[in-house]
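This report refers to the structure that appears directly beneath it.
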Amino acid sequence: MSPRSASVNEELRRRSRERLLQATVELIDENGYEATTLADIACRAGAARGLVSYYFPGKRQLLQSAVHRLMHMELAAALEREPVSPDGRERLARAIDAVLGLARDRPRLMRTHMAGILQSEGFIQCPEQQRLAALLRDTVERYGSADPETDYRLLRALMMGAVVAILLPGVPMPPERLRSELFQRYGLDWRLGRPPGAEPPPPGV
């Protein structure tokens, strides 16, 4: 049997890494961060325990990469949803809806992710985060930004703040209100993207 080519080995490594990231999202969504071990993740992914440490220095970094991958996938799917629109305002609306939707639909996972970012390890510049960043930069550029890098960072900060507000224990803010505020900030019509209702919520709601 001839040895595998470098390209085949690279593809196998990519698939193994993807399985670990997917398993991480599933297990932490199901069981929480503390109850999920690296051995659990390896088992769910059908991989050897040592493979986790080969790709990731620890569970916190693995979680960030896994959530950034999920966010990138959700954002890409929203932008490519039919009818695909080249309009920058529609694309920005879809991006906001995709991120707020994750906070609404997967609160345990996103709360754990946001808490991890505030730990001493900080924000991980992993390949998954870089792909997400590139997609958001492209979105603000199509929206008409003259400085996509700066405006991407502002958009990221505003959406992170909205996600935290949705997830804040005891005093969460309604996603609809936060969506309305972000849409007003960017001059977006409420009907763009996937509006949660026919009209924005009245002030103070």
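The values are calculated or read from the model by the stated rules, or taken from the named source; none is laboratory data. As the structure is a prediction and not an experimental result, all values here were calculated from the model. Quick reminder, even Gly has a Cβ in these numbers, built from the backbone with ideal geometry, and neighbours come from all protein chains shown. Areas reflect the complete protein model, heavy atoms only, side chains present, ligands, DNA and RNA absent. Shrake-Rupley method; radii C 1.70, N 1.55, O 1.52, S 1.80 Å.
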**Asked** When you go through (1) part of a helix (DSSP H, G or I); (2) out of contact with any Leu (no Cβ under 9 Å at 6 or more places or on another chain); (3) of a type outside the set (S, T, N, Q) one by one for E82, which number turns out not to apply?
**Response** (1)
**Asked** Under 7 Å by Cβ, and 6 or more places apart or on different chains, what pairs join a residue from the range 103-128 that is among the hydroxyl-bearing types (S, T, Y) with one that is in a helix (DSSP H, G or I) and modelled with pLDDT of 85 or more?
**Response** T112/I28; T112/L63
**Request:** Exactly one condition in (1) free of Cβ contacts under 8 Å to residues at least 60 places away in the same chain; (2) surrounded by 19 or more Cβ atoms within 10 Å (Cβ to Cβ); (3) touching a Leu at 6+ places or on another chain (Cβ under 9 Å); (4) part of a helix (DSSP H, G or I) is not met by T36; state its number.
**Result:** (4)
**Complete:** E10 passes all but one of the listed conditions (1) at pLDDT 95 or above; (2) farther than 25 Å from L102 by Cα; the exception is number (1)
**Prompt:** Out of curiosity, is A93 crowded, with 20+ Cβ neighbours inside 10 Å and under 20 Å from E128 (Cβ atoms)?
**Reply:** no
**Asked** Which of (1) among the β-branched types (V, I, T); (2) surrounded by fewer than 18 Cβ atoms within 10 Å (Cβ to Cβ); (3) in contact with a helix residue (DSSP H, G or I) (Cβ under 8 Å, 6 or more places away or on another chain) is the odd one out, the single condition V84 does not satisfy?
**Response** (3)
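Looking at H72, H113, which is the one that is open to solvent by less than 30 Å² (accessible area, probe 1.4 Å), closer than 23 Å to R14 by Cβ and part of a helix (DSSP H, G or I)?
Values: H72 fails: open to solvent by less than 30 Å² (accessible area, probe 1.4 Å).
None of the others qualify; the one that does is H113.
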**Message:** Can you report the number of residues in the range 151-195 which are more than 20 Å from the chain's Cα centre (by Cα), closer than 24 Å to V84 by Cβ and open to solvent by 50 Å² or more (accessible area, probe 1.4 Å)?
**Reply:** 2
**Complete:** The number of residues in the range 120-149 that are more than 14 Å from V67 (Cα to Cα) and either among the β-branched types (V, I, T) or in a loop (DSSP other than H, G, I, E, B) (or both) is 9
**Message:** Tell me whether the range 14-33 contains one or more residues that are modelled with pLDDT under 95, loosely packed, with under 13 Cβ neighbours inside 10 Å and of a type outside the set (D, E).
**Reply:** yes
